[in-house]
Structure formats: structure tokens, C-alpha cells
């Protein structure tokens, strides 16, 4: 069997090997990793705990002011007609204006609603981060696969060159060039291995697990011929913008509470005074204790504080409206850039596919020239380098396509 047939068989074996493992690993879905990350990521847990704390504050504000209880002892007992006063016990309870406690509950609930959007935003960002890290891992693995195939291809060329050296149709320099090229690719392969380990740590930490756990990624990804184009209208429902709506509502609730707190507070109390009997007199009410119910009214006559709070709330509403519009503008810009970058990446991918096909055609021409004994190993190295460049660019295009898709999904889903 001549070298050209061996080379063709090797290419077929590589193809079948890749196809088999591609089908085998497809079962490990990205969604599985995302679900694990959402369940275990400490940042998500942090926001969920903050939300629970915000909800618990509703119980904190659903209460009356403290009941005031006082006890006094008369050091110098004042004399009254019915006897000397010995000590005094008083109790008082202030009650907010009608609806004030409900307004407080509504205000705290509106803050909790805004805090809930933080959970939704954090989950979206986590999904995007896990997906982006996953596609980075895929790109590194794909590049390693391409490098391995090219190293094996260079070994075949090296064997061919050695054969030519033996018959005097090539020089040892050609062999050395092929070997140096293999060394360069081997170096790139090892560097990619370290890059993969670093990215694997990033990925595993997003899932809150040990950094050394192996991550399985798909063997093959391709750019779909058709995809649904997102619309900017979906941005209006994005949680980053909905949070501003919830914050606006919390300011509305704050102002309603402010108006309630600007009303008078009513207090009810009771004073009890113990009276000693007068020993020198005898009458029906001698030593009768004193019981005095009381009603108090707390009126905010100097209400500059509440007027200032109303003005602050009005300014806050304007601020939130401006912030929302600013964030909407930025999200629209990010979405538009991601859409256009994805389209550009698809164009680049198609161009690289054409270039790669032409490079392979040139390679076939060079290989066929082996049979005539006229192969030029400088041309072989040039074509092989072009092929590797086009293959790496294709992988980068695929990675960029899915990274942009991740951004689009974050903004529109």
C-alpha cells in the first residue's frame, strides 16, 4: 500500500472517530449544566436570601408602637382630701392613623418585589456566563482536535519526505521543516490544554463544584442556516427594566406612607394612683385610689419633614424614569450589536468554509503530484498552514456566533 492510500485511510478513520464521539457526547446537554448552576450557585442563593429578608420585613412593620408603661413612687407623699398619694402606675399606647400600617406593608412589599427582580437578573446572567464558558471550552477542544489532525497529517508528510530523501528528490531540510512545524503545533496543543484547564475551573466554579471535575462538551457545533431574528420589543419585558418599574412603584408606596405618617397619631392611656387612708378621719372615700383614663393626640404641626419627603419622592420618580430610559438605550445598543455581529460572524464562517474547501483542493493536487515524484514540500507546508488557519477561524466563528446568541438570549428571552 503506497503513502497516498495510507493518507486517505487515515482521513477516513479520523472522520469516523470524530462522528462516533460526537454522537456519544451529544447526550450531555448544556441545559443540564445550567440547571445545576441555578441550583448551586452561591450568588443566586445570596439574592434569594436577600429577597426572603425583604419579605420578612413585612412582619416587622405590621405592628403598633411600643406600649409605654411607667411606675413612679412619691418620695414626699402629696396629701389629698382622701389621703396621701403613695405611688403611680401609668400605661399608654399610641395608634397610627388609619391605614398607616397597611401603607407600611405595601411599601415593604414593593421593595421586596424590586429585590425579586435581582434574582431573575442574576439567573439570566448566570445562564449567560455558563453558556459562554461552555462555548469557550468547546472552541478550545475543537482547536485541539484540529491541531491533532494536522500533526498526524504532518507525520504523513514527513514519511513521504523521508522517502523522497532516500531517492534524492528531497533534502533533509524539507524533513526538518516538517518536524519544526510539528513542534510548533505540539506547543500550541499543550498551551490549549492549559487554557482548557483554566476555563474548566471558571465553568466548575459557576456550578459551585470542584474545579477538577471534567466537563463534557459536544464534539461538533455548526452555525444554523436559519434562525429567528429577535425583536427589540421584547426588551420592554427585560427584568433589568422591570426592576425600574418596581422601584418606581416602591416610591409611589413610599409617598402614600409619607402622607399617612403626616396624619395625627392617637394614644390611649390609663393612670393609677395608690392613695393611703387618712387615720384621723373616717368617711366613705377615705383612701380611695385614683383611676384616670387618658386620650392623647400627636399632631405634626411642624411638618416640614413630610413636605421634604414628598419632594424627594417626586425627584426619585424622575430619576428612576431617566435611569430606565438610559438602561433601555444601552440594552438596545447591545442587542443591535449582538445581532449584527452574529450576522457578520456567519458571513465570516461561510467565507472560511469556501477557503477551506479550496485549500483542500490544493492539498489534493499536491498529494496527487506525489505519484509523479514532483511534490514540493514548501508548497505542502504553505497549504497546510492555510488549512489550519481557516479551520481555526471557522472554530472562532462558531464560538463567536454562539456567544452572540447567548447575549441575544439574555436580552430577549
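Details
- Residue-averaged 222 nm ellipticity for the chain, from DSSP H runs of 4+ at -39500 (n - 2.57), nearest 500: -25000 deg cm²/dmol
- Scattering curve values for the chain, log₁₀ I(q)/I(0), Debye with Cα scatterers, q = 0.12 Å⁻¹: -1.07
- For segment 205-305, convex hull of alpha carbons as volume per residue, Å³: 348
- Springs between Cα atoms under 10 Å define the GNM used for the chain, and in it the highest mean-square fluctuation of 150, 208, 376 occurs at 376.
- Against the chain, whose longest principal axis comes from its Cα atoms, helix 304-368 is set at around 10 degrees.
- Segment residue 71..residue 378, full-extension length gain: 100.0 nm, with 0.36 nm per residue of separation and the alpha-carbon distance subtracted.
- For the residues 245, 280, 341, a GNM of the chain with alpha-carbon springs under 10 Å puts the largest fluctuation on 280.
- Rg(Cα)/(2.2 N^0.38 Å) for segment 76-218, N = residue count: 2.68
- Theoretical FRET efficiency, 1/(1+(r/R0)^6), r = Cβ-Cβ of residue 62 and residue 38, R0 35 Å, to 0.05: 0.60
- Exposure proxy ranking, count of Cβ atoms within 10 Å, fewest first, for 158, 31: 31, 158
- Fluctuation leader among 351, 296, 193 - the chain, Gaussian network, Cα springs under 10 angstrom: 296
- With the cut-off at under 18 Å, measuring from each backbone N in segment 240-278 to a point 7 Å along the Cα-to-Cβ line of residue 87 picks out 270-277.
- Nearest 10 degrees, 0 to 90: helix 377-412 Cα axis against the chain principal axis: 20
- Kirkwood-based shape ratio for segment 268-413, expressed as Rg/Rh from alpha carbons: 1.79
- Calculated diffusion of segment 273-313, Stokes-Einstein form, Kirkwood radius summed over Cα pairs, 25 °C and 0.890 mPa s, µm²/s: 164
- Segment 96-157: equivalent-ellipsoid semi-axes (sqrt of 5 x gyration tensor eigenvalues, Cα, Å): 60, 4, 4
- Here the mean projected area of the convex hull built on the C-alpha positions of segment 306-354 is 3.2 nm².
- Of the two radii for segment 233-282, the radius of gyration is 1.71 times the Kirkwood radius, both from the alpha carbons; that is the Rg over Rh value.
- More than 17 angstrom apart: percent of Cα pairs within segment 42-123: 66
- Mean-position separation - Cα centroids, segment 62-82 and segment 326-351, in angstrom: 74
- Note on segment 130-197: Rg/Rh from C-alpha atoms, Kirkwood Rh, equals 1.20.
- The fewest-to-most ranking of 138, 51, 401 by surrounding Cβ atoms within 10 Å reads 51, 138, 401.
- With respect to the chain, whose longest principal axis is taken over its alpha-carbon atoms, helix 239-261 is tilted by about 10°.
Here, each number is a calculation from the coordinates, and none is a lab measurement. Computed from a predicted model, the values in this text were never measured in an experiment. Cβ coordinates were reconstructed from backbone atoms using ideal geometry, including for glycine residues, and neighbour counts include every protein chain displayed.
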